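Structure record follows, encoded as structure tokens.
The values are calculated or read from the model by the stated rules, or taken from the named source; none is laboratory data. Quick caveat: nothing in here was measured; it's all calculated off a predicted structure. With ideal geometry, Cβ positions are generated from the backbone for all residues, glycine too; neighbour counts draw on all protein chains shown.
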There are 4 protein chains.
Amino acid sequence: MPRVTDEHRAARREQILRAAWRCVAREGFHGSTMAHVIAESGLSAGAVYGYFKGKDELLYAIAERSIARIDEVFHEMLAGDAAPDPADVLETVLDRLMTLAEDPDGDFTLIAVQAWGEAARGGPFLDLLEPQFKEIRGHWIEVARRWQAAGRLGADAEPEQVGRVLLGLMPGFIVQRLVLGGVAAPGYANGLRALMSPSTRAGAAG
Amino acid sequence: MPRVTDEHRAARREQILRAAWRCVAREGFHGSTMAHVIAESGLSAGAVYGYFKGKDELLYAIAERSIARIDEVFHEMLAGDAAPDPADVLETVLDRLMTLAEDPDGDFTLIAVQAWGEAARGGPFLDLLEPQFKEIRGHWIEVARRWQAAGRLGADAEPEQVGRVLLGLMPGFIVQRLVLGGVAAPGYANGLRALMSPSTRAGAAG
Amino acid sequence: MPRVTDEHRAARREQILRAAWRCVAREGFHGSTMAHVIAESGLSAGAVYGYFKGKDELLYAIAERSIARIDEVFHEMLAGDAAPDPADVLETVLDRLMTLAEDPDGDFTLIAVQAWGEAARGGPFLDLLEPQFKEIRGHWIEVARRWQAAGRLGADAEPEQVGRVLLGLMPGFIVQRLVLGGVAAPGYANGLRALMSPSTRAGAAG
Amino acid sequence: MPRVTDEHRAARREQILRAAWRCVAREGFHGSTMAHVIAESGLSAGAVYGYFKGKDELLYAIAERSIARIDEVFHEMLAGDAAPDPADVLETVLDRLMTLAEDPDGDFTLIAVQAWGEAARGGPFLDLLEPQFKEIRGHWIEVARRWQAAGRLGADAEPEQVGRVLLGLMPGFIVQRLVLGGVAAPGYANGLRALMSPSTRAGAAG
DNA sequence: AATGAATGAGCGTTCATTCAT
DNA sequence: AATGAATGAACGCTCATTCAT
């Protein structure tokens, strides 16, 4: 019965992970005690520790999942070789991000911010976030490159620098939304469109 | 001799605050114990509690100072009624930010990220950050407004939306620098300049 | 097929006991967890508990076996009615003891010392060790008695007291070997021989 | 007020150590929980941890004290250059040992046996016991050497071997007393005297 | 005003044991 | 008979905070 057992283990792991997710989305990394997670999971302490070595591993797994969600958002975005408008990409990406953020289990962006705070101090969380940030930045650099190839970006523009700015818009959106609220994907994308389409003396924005 | 006493109190408060700042910049909000702060301050536990009600108040004061620094960065920026290029503003602002971040007492952006994480969960940290974010956003909106008034932004662009994007670039810069490193003010500003100065060559988007 | 079942049960019991023995010889009574024993035995938790009521019973069984080995060492030693030299008996006994101690499954003297520690506090381990110590002491008293009967011990010597001393030499050997190493049966027996054969030269003690 | 504070600290340390001593003498190393020690000490958990890093350090300190007591027993024993009868030394030593063992705080020999069990597995307890055993063995070797110099031991006897035997008599006494009871210093010493004064065919013991 | 020893609730974790399968 | 996932009481320990001096 290995199939059943493996499925069972995976389901239990998921159950715990979701419970921890809910706790962290509600109370942050440090406000979430193992006792909370255990109670939320409906399991016993021993059971939880059978699936995760300890609190650190659990938080790590949650952070992993949280930032993986940001990455997901790019899938299919760059399929083909089209040169989408960066503002359109941003809108799509943030739109998906907001859909995911409305998860009834809890807002993953809140967890992501916790993870940034942890990663800032170095250690395993930094090791986790670094490659994922790099990958997402790579996506944005690719967007910039294509945009440049399509003749929409100055020939002397450096896609790496443009990519940094585009990547930067994402944490900017997330933090702003969490702290101020009232930020939505279309408006934010429009702000970028306006910046990207400056009036040529008496020009018109998009 | 109330003057002396008041000065004394202020000096002591500052001494504690700086000690806590160093701790938090090194170990984060939760990694910093009161014992660490007390040791770092060179005072006794009782003395520290004589100036701050508890850890929360101390962290709050640190967060306050940390984000105040971001605000500082705008001072004199918008004096007069010039209409500076947003990318120039960004470069100046980030340049100052990096100077402040190199404080030997510890990187204030690290503390800021901790504060965002805390604020995301609501509570006093949100109440602290919200008005400060609002004010900084106000600065950016003003930048956008003047840019528009100078005819450099489409007439139908909404400065509020543009301001959100410009504000967003700051946390984006901070997080990216902490996680990936290798981000500097001029290059980041150049990325924005490139986006804002699209090729005038006719091009078609995807 | 009760025979087969009984044999099977005995084999399983032995399998568990040996696994526990290995664990205890490696990590002591308290350092050995049931999880270790279970893993070492290759059986499941449930299976182990099917053969032993709990950890206490298992440790008890191990202690039993460990001190039984010390007793073994006397078998045939006192067969017949010879009056062997106590030092010779000691040498033979310790020699056998060391052979047993080199069991690849682990040093039984290490387990014995654990058992002494437990027995010192009273309880079942004391009830276990007491009769076994008594029996071994009985052997030594018998050695002393025969030695006296052979005219090698003063007529007014009390074999019970001599037996206590001879018994005492055994834990002394075991502990000394575990803590200091470098103790071997022949040298230790020689030490006793030297004490038992004082110089006949006239001398005065201090 | 450093004097007072230092004395205070020393007194508190002693208070905790004695509480732990009582617990260990009653329940052994592993049966003694920190909660027990804390309750017994009359202090709080935090206070205890202010004086001892953790349970290990506390047990180590107790073991240290326990075996130090065995060493004490030799003080003044070998002052001067007399050549005392080993059996007399043994009697004195064991007599002192029993006096110390009757400490109302708990029998130190019980603690010593716990320490032997721990040391047998290597680690810090072995490092602690090894030099102390060596020193005590050194005392016994000196006793043997003097006895030999006084012409009471065969010229070809090796004091090192005799010393091992004499040292061995001590754990033998301790364990036997704990497990069987009914062992006292004079009787035990008499047993040794009897062994050391064999009848010369029809001789008389001392 | 300042000290720092003391507090104790609550933390993360372990592990002997059980029981549905 | 055998499994091993699950249990949960109890463990060692931390740390924000207090208060007698």
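Structure notes:
- Close Cβ contacts (under 6 Å, 6 or more residues apart or on different chains) running from residues in the stretch A:129-140 that are of a type outside the set (F, W, Y) to residues that are not in a helix (DSSP H, G or I) comprise A:H139/A:F74.
- Within the stretch B:141-161, the only residue that satisfies the criterion of being β-branched (V, I, T) and without any contact (Cβ under 8 Å) to a residue 60 or more places away in the chain is B:I141.
- Boolean, C:E76 is more than 12 Å from DNA strand E (Cβ to nearest atom), buried (at least 16 other Cβ atoms within 10 Å of the Cβ) and either modelled with pLDDT of 95 or more or outside any helix (DSSP H, G or I) (or both): no
- Screening D:H36, D:H30 for residues that are under 19 Å from C:Q114 (Cβ atoms) and surrounded by 13 or more Cβ atoms within 10 Å (Cβ to Cβ) leaves exactly one candidate, D:H30.
- Cβ-Cβ under 6 Å pairs, at least 6 apart or on other chains, the stretch A:43-68 side within 14 Å of chain B (Cβ to nearest Cβ) and free of Cβ contacts under 8 Å to residues at least 40 places away in the same chain, far side within 12 Å of DNA strand F (Cβ to nearest atom) and aromatic (F, W, Y): none
- Matching residues in the stretch B:175-201 - criterion: being in a loop (DSSP other than H, G, I, E, B) and over 30 Å from B:A115 (Cβ atoms): B:S197, B:P198, B:S199, B:T200, B:R201
- Residue match in the stretch B:54-61 (condition: part of a helix (DSSP H, G or I), more than 16 Å from DNA strand F (Cβ to nearest atom) and within 15 Å of the chain's Cα centre (by Cα)): no
- Residue within the stretch D:25-34 that is of a type in the set (A, V, I, L, M), closer than 26 Å to C:H30 by Cβ and within 11 Å of DNA strand E (Cβ to nearest atom) present: yes
- Checked against (1) assigned to a helix (DSSP H, G or I); (2) within 12 Å of DNA strand F (Cβ to nearest atom); (3) farther than 17 Å from D:G117 by Cα, D:A19 passes all but a single condition, namely (2).
- Taking (1) closer than 24 Å to C:G163 by Cβ; (2) more than 17 Å from the chain's Cα centre (by Cα); (3) more than 8 Å from chain C (Cβ to nearest Cβ) in turn, D:A149 satisfies each apart from (1).
- Applying the condition of being within 14 Å of another protein chain (Cβ to nearest Cβ) and assigned to a loop (DSSP other than H, G, I, E, B) to the stretch B:22-42 and asking which residue is farthest from DNA strand F (Cβ to nearest atom) yields B:S32.
- Pairing residues of the stretch B:175-198 that are more than 7 Å from every other protein chain (Cβ to nearest Cβ) with residues that are in a loop (DSSP other than H, G, I, E, B), at Cβ distances under 9 Å and at least 6 apart in sequence or on separate chains, gives B:R177/B:V183; B:R177/B:A184; B:R193/A:G154; B:R193/A:A157; B:R193/B:D85.
- Some residue of the stretch D:132-145 being assigned to a helix (DSSP H, G or I), facing another protein chain (nearest Cβ under 7 Å) and either over 13 Å from the mean Cα position of the chain (by Cα) or of a type in the set (S, T, Y) (or both): no
- Which listed residue is assigned by TED's automatic domain parsing to the domain that holds B:V73 and modelled with pLDDT under 95, from B:A144, B:A150: B:A150
- Residue in the stretch D:43-51 that is within 16 Å of DNA strand F (Cβ to nearest atom), over 30 Å from C:R164 (Cβ atoms), in contact with a Leu (Cβ under 7 Å, 6 or more places away or on another chain) and among the hydrophobic types (A, V, I, L, M, F, W, C) present: no
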